[in-house]
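Written below as structure tokens is the structure these notes are about.
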Amino acid sequence: MSDKSGPAPAAPAADENQIIAERRGKLTAMRGHGQAFPNDFRRDALAADLHAQYGAMSNDELEPLAVAASVAGRMMLKRVMGKACFATIQDMSGRIQLYVTLDAIGAQALDAFKHWDLGDLVGAHGTLFRTKTGELSVRVTSIRLLAKALRPLPEKFHGLSDQEQRYRQRYVDLITNPDSREVFFKRSKIVQATREFFVARGYLEVETPMMHPIPGGAAARPFTTHHNALDMQLFLRVAPELYLKKLVVGGLEKVFEINRNFRNEGISTRHNPEFTMLEFYEAYQDYHYLMDLTETLFREVAQKVTGSATVTYQGATIDLGRRFDRLTMAEAIHKYQPQHSLAELARPEYLKAALTPMEVEVFASDELGLLQLKLFEATTEDKLIQPTFIIAHPTDVSPLARANDANPAVTDRFELFITGRELANGFSELNDPEDQAARFRGQSEAREAGDEEAMYYDADYIRAMEYGLPPTAGEGIGIDRLVMLLTDSPSIRDVILFPQLKRES
């Protein structure tokens, strides 16, 4: 839904101020004749429903039916032609044309209608017919102004062309940009389809706190706040993971939450400090099961929302219908950078040499897994266009994941990449409380050494684990990034109704 055109020339402020002043004058006159913002009009039809039910009928078929309709919406177009006028109104479903005549509504009502402005909200009663040009329309018998728009809409109704203005004034963007409206209709469908997917499989939807005494469940810098009555510092949720796993300890063995998370990080086309995640946990399963389930989820949601398991994203055809690739970091690096052999990628000295010319910070303490991760992120991640699970993440960067039995240096963890970005992160959960306590201590030491994203030691979570966390598989999926994929949106701001922006000057 990106707009490739440059910013439209801004109308001189004086012109807009004059328009607003004129509209305020009209509103003042309306107030003198009674209630200017009535609330007693009730519509009984939406534009899309009328088109769906009657759009295929000819006028000869429609006229005898005398289909009555009460419609309401924002006036987007108006043509005044003496005793007969046309207007197009827009409701949440689409647009419908109104045919307004002197004979049907009288001279006083017609004169008032002629003075209404584009952007005004109107309600009309009438009957359906088809015009000579073939447009399904309402032959109006009564019409009312329901709310006066004091500000003019952008000219030409192609939506706001200035990208930041579109995000900042989303209400105007939604009025004037049908592509933007479609993205958010699809977003709602994606969330609903995701919810139905898990409910159908016996998962329980739950809600966990947004304010935490200790930030946990992800390596991220939190937002802080203060609770006055308790006189304590709290942190906005960076992830719900630890609370959800406490529920698994409590016997809620299949849980999911569609939640808002908050991370005090930079803003980019992929990052917003407030974002939506799906997290789900199932006892007595492992990360292999999660990968299979995730493939099924993506296919089903895409099919429901777009009608196909194949989608187009920024010119690339993404096939969600086939089995997703499953590669270790070394295998992925070798596949997309064949000059690095698998044997060489198993040598720390080689990896350090390969990273030297890159703008990547390497420390003497970096071990094999972390070096592979740094090379992967620098050279390969953005090349994973088709769905690919990257498995076997280093243990030292996976503090909540279960170490692999055959190779404890890596974990039973994956990240799902599509279009060069991470969409999901899942693993077999670490359920050994003593191992988890040791990893928390390591994270705490990293915090003390200056790592603001390292986790805190969560004593309550350790206490919960000491009651026994069953073998569990858990995963988080970025809903915003999934919506980006399924709506062909290049920026996360395109799929968040009110993204975070700098304060207006």
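The condition of being open to solvent by 70 Å² or more (accessible area, probe 1.4 Å) and among the β-branched types (Val, Ile, Thr) holds for only one of 411, 395, 356, 379, that being 356. Quick check, is residue 153 in contact with a strand residue (DSSP E or B) (Cβ under 6 Å, 6 or more places away or on another chain), open to solvent by less than 80 Å² (accessible area, probe 1.4 Å) and more than 25 Å from residue 261 (Cβ to Cβ)? Taking the combined requirement at face value, the residue does not satisfy it.
For residues that are at pLDDT 95 or above and in contact with a helix residue (DSSP H, G or I) (Cβ under 6 Å, 6 or more places away or on another chain), tally how many sit in segment 81-99. Of the residues in that region, 5 qualify.
Determine, yes or no, whether residue 161 is surrounded by 15 or more Cβ atoms within 10 Å (Cβ to Cβ), modelled with pLDDT of 95 or more and not acidic (Asp, Glu). Criteria not met by residue 161. Could you count how many residues in segment 52-71 are part of a helix (DSSP H, G or I) and either in contact with a Ser or Thr (Cβ under 9 Å, 6 or more places away or on another chain) or aliphatic (A, V, I, L, M) (or both)? Selection size over segment 52-71: 5. Candidates in segment 1-58 are the residues that are modelled with pLDDT under 90 and closer than 26 Å to residue 95 by Cα; of these, the one that is least open to solvent (accessible area, probe 1.4 Å) is 1. For segment 364-417, taking the residues that are within 30 Å of the chain's Cα centre (by Cα) and among the β-branched types (Val, Ile, Thr), the one that is modelled with the lowest pLDDT is identified as 397. Among the residues of segment 72-94, those that are more than 34 Å from the chain's Cα centre (by Cα), basic (Lys, Arg) and part of a strand (DSSP E or B) comprise 78, 79. Within segment 95-111, being assigned to a helix (DSSP H, G or I) and either buried (at least 18 other Cβ atoms within 10 Å of the Cβ) or in contact with a strand residue (DSSP E or B) (Cβ under 6 Å, 6 or more places away or on another chain) (or both) holds for 104, 105, 110. The residue that is farthest from residue 239 (Cα to Cα), counting only those in segment 267-314 that are out of contact with any helix residue (DSSP H, G or I) (no Cβ under 6 Å at 6 or more places or on another chain), open to solvent by 20 Å² or more (accessible area, probe 1.4 Å) and among the hydrophobic types (A, V, I, L, M, F, W, C), is 267.
Residues checked against (1) open to solvent by 50 Å² or more (accessible area, probe 1.4 Å); (2) of a type in the set (Phe, Trp, Tyr); (3) in a loop (DSSP other than H, G, I, E, B):
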| site | (1), (2), (3) |
| --- | --- |
| 180 | no, no, no |
| 190 | no, no, no |
| 215 | no, no, yes |
| 221 | yes, no, yes |
| 226 | yes, no, no |
| 233 | yes, no, no |
| 239 | no, no, yes |
| 242 | no, no, no |
| 245 | no, no, no |
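When segment 315-349 is filtered for residues that are hydroxyl-bearing (Ser, Thr, Tyr) and either in contact with a Pro (Cβ under 6 Å, 6 or more places away or on another chain) or in a loop (DSSP other than H, G, I, E, B) (or both), only 341 remains. Scanning segment 366-425 for residues that are part of a helix (DSSP H, G or I) and farther than 30 Å from residue 489 by Cα returns 368, 369, 370, 371, 372, 395, 396, 397. Can you find a residue that is buried (at least 17 other Cβ atoms within 10 Å of the Cβ) and assigned to a loop (DSSP other than H, G, I, E, B) anywhere in segment 426-442? Scanning segment 426-442 turns up at least one residue that is buried (at least 17 other Cβ atoms within 10 Å of the Cβ) and assigned to a loop (DSSP other than H, G, I, E, B). Could you please let me know if residue 236 is within 29 Å of residue 167 (Cα to Cα) and either out of contact with any Leu (no Cβ under 6 Å at 6 or more places or on another chain) or modelled with pLDDT of 95 or more (or both)? Answer is yes for this residue. In segment 247-266, which residues are more than 21 Å from residue 197 (Cβ to Cβ) and surrounded by 17 or more Cβ atoms within 10 Å (Cβ to Cβ)? Within segment 247-266, 249, 262, 263 meet the criteria.
Residue selection: residue 493 fails the criterion of being basic (Lys, Arg) and either surrounded by fewer than 19 Cβ atoms within 10 Å (Cβ to Cβ) or more than 23 Å from residue 236 (Cβ to Cβ) (or both). Picking from residues in segment 68-83 that are of a type in the set (A, V, I, L, M) and open to solvent by 20 Å² or more (accessible area, probe 1.4 Å), the one that is farthest from residue 181 (Cα to Cα) is 81. Out of 172, 138, which single residue is surrounded by 15 or more Cβ atoms within 10 Å (Cβ to Cβ) and in a helix (DSSP H, G or I)? Of 172, 138, the one residue that is surrounded by 15 or more Cβ atoms within 10 Å (Cβ to Cβ) and in a helix (DSSP H, G or I) is 172.
The values are calculated or read from the model by the stated rules, or taken from the named source; none is laboratory data. Keep in mind the model is a prediction, meaning the values are calculated, not measured. Cβ coordinates were reconstructed from backbone atoms using ideal geometry, including for glycine residues, and neighbour counts include every protein chain displayed. What goes into the accessible areas is simple: the full protein's heavy atoms, side chains included, and nothing from ligands, DNA or RNA. Shrake-Rupley method; radii C 1.70, N 1.55, O 1.52, S 1.80 Å.
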